[in-house]
Amino acid sequence: MILEKAGLELTKRLCEDDPVRKEIPYEWRVNNGLREVFHLEEKAVICVAHLSEIPRTEEELLTLPWGSFSVFYTVWSKEKGLGRQIVLETWNLLKLQHTNNRYVTLSPKTEMAMNFHLKNGAILLQSNEKTNNFEYI
């Protein structure tokens, strides 16, 4: 499977089923390299925002200005193993495209999200009231 970047129309279709942050507007998710959506044959999706700080809340995610933190704020897959694949492939792609970045998540505070990121090599960076931030190093 090949990692591809989604435009607005495809993002609308892909993100209809977003189990993590369905309420985030489609138009916000895709913005000239400031925010991006990637997919693996429409079977796995990851949304990334490049922000000035690490967001602790969804409100911060939506309002922080552009910067050098690549924030994975939603990821899901329709097949076992593709969630891991899309996170790692996106991380590797962004490392090639964006120098001096840090790669973090804004994850729901669930056991499933905790296990997923720790199992895939991230470290728990901080625990917030309703979210966790993990960092891929």
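Using a 1.4 angstrom probe on heavy atoms only, work out the carbon and sulfur share of the accessible area of region 18-136 in %.
Details: 3180 of 5990 Å².
Here it works out to 53 percent.
Cα-Cα over 25 Å: which of Lys95/Lys119; Lys43/Lys95; Lys43/Lys119; Lys95/Lys130? Could the numbers behind the result be given before it?
Values: Lys95/Lys119 20 Å; Lys43/Lys95 23 Å; Lys43/Lys119 21 Å; Lys95/Lys130 28 Å.
Among Lys95/Lys119; Lys43/Lys95; Lys43/Lys119; Lys95/Lys130, the Cα-Cα distance tops 25 Å for Lys95/Lys130.
So for region 16-137: antiparallel DSSP bridges make up what percent, rounded to the nearest 5? Can you show the working numbers first?
Working: 24 of 29 bridges.
Around 85 percent antiparallel, to the nearest 5.
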Using a probe radius of 1.4 Å on heavy atoms only, what accessible surface per residue do you get for the chain? Whole Å² is fine. 53
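The values are calculated or read from the model by the stated rules, or taken from the named source; none is laboratory data. Predicted model, so just to flag it, every value in this text is computed and none were measured. Accessible surface is based on the protein model in full, side chains and every heavy atom, while ligands, DNA and RNA are left aside. Shrake-Rupley method; radii C 1.70, N 1.55, O 1.52, S 1.80 Å.
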